[in-house]
1. Taking a ≥ b ≥ c as the square roots of the eigenvalues of the Cα gyration tensor of region 265-416, is the shape rounded (a/c under 1.5), prolate (a/b larger than b/c) or oblate?
2. Does region 166-290 classify as rounded, prolate or oblate by the C-alpha gyration tensor (a ≥ b ≥ c root eigenvalues; a/c under 1.5 gives rounded; else a/b over b/c gives prolate, otherwise oblate)?
3. Please list the three semi-axes, largest first and in whole Å, of the ellipsoid equivalent to region 130-192, using sqrt of 5 times the eigenvalues of its alpha carbon gyration tensor.
4. Please go through the residue pairs K293/K549; K231/K384; K4/K731; K4/K720; K231/K368 and name each one whose alpha carbons sit more than 26 Å apart in this structure.
5. Shape verdict for region 696-736, please, from the Cα gyration tensor: rounded (a/c under 1.5), prolate (a/b greater than b/c) or oblate.
6. Please work out the FRET efficiency for the pair A508 and A696, using the Cβ-Cβ distance as r and a Förster radius of 35 Å; give the result to the nearest 0.05.
7. Measuring from a point 7 Å past the Cα of S641 along Cα-to-C-beta, which residues in region 578-608 have an amide N at less than 16 Å?
8. Once phi is turned into θ = phi - 60°, what whole-Hz ³J(HN,Hα) does the Karplus curve with 6.51, -1.76 and 1.60 give for every residue of region 591-603, x standing for Gly and Pro?
Amino acid sequence: MTIKRFAVLTSGGDAPGMNAAIRAVIRTGLNRGAEVYAIYEGYKGLIAGGSQIRPMNWDSAGGILQRGGTVIGTARCDEFRTREGRRTAALHLIEREIDSLIVIGGDGSLTGANLFRQEWSGLLTELVQEGKITQEVADRHAYLGIVGLVGSIDNDMFGTDMTIGTDTALHRITEAIDALSSTAASHQRTFVVKVMGRNCGYLALMACLATGAEWVLIPECPPDTDDWQEKMIADLKAGRAAGRRESIVVIAEGAQDRNGKPIGSTEITELLEKRLGEEVRATVLGHVQRGGKPSAFDRNLGTLMGHAAVETVLATTPETEPQLICLRGNRITTAPLMECVERTRAVAKAIADHDYERAMDLRGGGFKQSFRTLRTLLRSLPHKPEPGQKRLRLAVMNCGAPASGMNTAVRAAVRIGLDRGHTMLSVTNGFLGLIDGHIQEMDWMSVNGWASMGGSELGTSRDIPKGRELYSIAQNIEKFGIEGLLIIGGWSGYKGAYELYRQREAYAAFNIPIICLPASINNNLPGSELCVGADTALNNIVWAVDKLKQSAIAQQRCFVVEVMGRHCGYLALMSGLATGAERVYMHEEGITLRDLTFDLEHIVAGFKAGKRLGLVIRNENANPVYTSDFIAALFEEEGGSVFDVRQTILGHVQQGGDPSPFDRIQATRLAARCMEFLIENAQTEAPSSAFIGMGAGGLQIQSIEEFPRLADEQNQRPKKQWWLDLRPIAKILSEPMAPTETPKA
Ligand code: ADP
């Protein structure tokens with residue numbers, strides 16, 4: 001059997017998360033018995049050859065997961081645009097018998113890769129004619145396998161829901177806008193913020209959705225009137241009059257008007273300063289958006305895509321056309337690379353042709369829906385109800401432990417409800433407030449600024465109503481005229497909603513639509529693959545573990561880190577994947593003495609071989625006997641003088657903090673859909689009750705009757721947990737097969 005040899009390179013603009021992808025490519029490749037090369041400095045290195053093309057071993061990929069940018073360097077390379085350049089590149093691959101290439105870059109880099117592969121046999125013929133290779137060598141390498149990964153903060157590639165780096169860029173942007181909002185509010189100032197994205201308005205749109213900025217300008221959907229400046233000024237003035245102390249206008253890099261004239265931040269700043277009669281400041285965020293540590297999401301996206309790239313390379317046959325690794329509906333999949341690149345180009349062309357409807361269509365349903373939702377949320381005041389329209393009274397509450405993003409969801413729900421002409425009520429402290437009648441009306445400004453606030457402003461509790469409490473709830477539903485209820489929360493919210501649904505016969509008042517929006521850091525709710533709050537918690541864990549790792553750099557030390565999640569190992573596994581933990585213990589798999597003995601031997605051997613740091617992550621309920629204390633003590637004792645052990649229980653920091661951009665966006669999207677559900681169902685004879693969530697196919701709403709079928713009640717988690725499929729990948733990446741073996745140069 002011939003050993004597969006392939007190379008990985010990063011090209012074009014750098015993006016956080018590229019290192020995670022490189023690490024996964026190297027380690028998965030080695031694990032699968034392949035020989036892996038890295039090409040330094042993108043196509044430049046490929047053309048330069050020599051030491052720019054280096055064999056990789058297990059340790060080459062060590063300590064890079066948490067680093068921004070790309071450790072193998074990236075570059076723009078005009079020579080690769082020439083046939084001569086590509087011929088030299090081909091020679092350098094052939095010399096090393098490398099016959100597949102994994103390219104991590106933007107659409108330019110991937111177009112280059114595709115062209116390279118199309119020309120491959122022609123290039124080899126020329127090399128034979130020049131006498132640089134023999135015909136026999138050319139025949140042996142008749143095909144070049146190409147697999148592409150999109151590393152780009154712009155999220156501009158057709159075919160994938162997210163590109164590597166976008167989520168981190170959104171972290172940087174939301175942090176900046178949150179910071180600007182507080183200073184803007186102090187002075188009643190307006191800020192104009194310009195964000196990156198080239199032709200794509202994704203970063204600008206999502207940054208607005210995530211922060212509560214007031215105006216957004218994106219290339220795909222320019223303002224629809226010629227006097228849009230007047231409208232913008234009127235809206236900002238109306239916002240001030242309604243009590244907004246801060247005003248933020250976000251401009252995408254490629255923003256333009258309907259006629260294709262670019263809209264710049266200086267122009268907008270000057271206009272607003274003149275017309276608003278107040279200080280206006282412009283902030284061009286620039287390259288900070290690209291920089292810094294990758295978010296948990298980007299580390300895991302890079303890791304999973306890198307892993308999939310190797311699987312795809314190994315499965316490549318001469319007939320396979322170049323493939324792009326994509327994320328669709330929370331699953332990694334592949335698509336023909338060139339088709340994706342071409343359709344990406346089509347958006348740019350539609351914008352250049354001023355065909356904005358097509359540009360929006362090509363961006364997809366999620367993008368369009370988010371833009372529609374945003375236009376409601378950033379209004380200074382709601383639309384007036386239509387004359388004669390039925391005005392519903394809809395209530396919203398939080399349940400369970402606090403999860404970051406709850407406030408974001410409440411804000412979206414309240415504003416959307418009000419804008420549709422309905423009365424919005426809020427319930428304090430979950431079911432306790434419903435029992436005690438702590439219910440009040442919300443207005444537009446009552447949720448101002450909530451998009452970026454962690455915790456639960458409404459208050460939340462874990463109580464599940466029972467017995468006479470149900471009677472009190474029925475009374476209060478009638479007293480306050482509640483015609484629909486949105487429960488944003490965790491397990492107790494779902495249980496409570498199910499209980500009210502079950503008791504419909506006994507209490508007529510419960511015959512209203514109820515919908516649950518999953519918000520729990522544990523990510524343990526049926527009907528949704530991702531709960532609001534889990535991403536923030538994951539980032540909290542990852543930042544903390546990064547710091548722990550740094551603290552241990554001087555010693556040989558093993559950390560045992562305990563994370564939350566109750567009986568659900570999601571946080572443990574995903575944080576293990578994002579931090580490169582050697583071992584993850586979770587309740588789903590339990591812990592046995594044999595596991596501990598095996599892991600201990602493995603870790604001791606690793607430290608003896610020169611390893612400086614060990615990391616074990618344990619889910620809080622992984623096993624009642626083998627506690628974190630126990631494991632730490634056992635490892636300390638057995639580690640002897642080779643390494644020492646520290647235990648860290650991260651605790652409630654995991655529940656706190658400003659919601660991550662992902663959680664804010666998710667909370668807003670889900671809340672918007674929940675409100676549609678309530679409004680529709682509250683006007684039918686037999687309203688249904690349901691829970692909403694993100695499934696592999698996108699947003700899904702399921703009847704509350706499904707709760708017992710989908711839920712593992714004893715362990716308070718879904719019966720089917722999609723992320724358990726990622727377990728083998730975490731194992732592959734943390735366990736060297738041959739730690740010091742390096743393919744021959
Ligand atoms: P990105 O990959 O981020 O879109 P660029 O468009 O700058 O960045 O492309 C990066 C590199 O990819 C270029 O410097 C060039 O080496 C190569 N490349 C881009 N487009 C082509 C092309 N049409 N043919 C050959 N190589 C290309």
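Computed from the coordinates by the stated procedures, all read-outs in this text should not be read as laboratory data. Please read all numbers here as calculations on a predicted model, not as lab measurements. Positions of Cβ are generated from backbone atoms using ideal geometry, with glycine treated the same way; all protein chains shown enter the neighbour counts.
1. Here region 265-416 falls in the prolate category.
2. Oblate is the answer for region 166-290, as a/c is 1.5 or above yet b/c matches or exceeds a/b.
3. For region 130-192, the ellipsoid semi-axes come out as 52, 12, 8 Å.
4. Violating the 26 Å Cα-Cα cut-off are K4/K720.
5. On the way: a/c = 5.85, a/b = 2.00, b/c = 2.92.
It comes out oblate by the Cα gyration axes.
6. The calculated FRET efficiency here is 0.40.
7. Those under the cut-off are 608.
8. Karplus values, whole Hz, x for Gly and Pro: 9, 10, 4, 4, 4, 5, 5, 4, 5, 4, 4, 4, 5.
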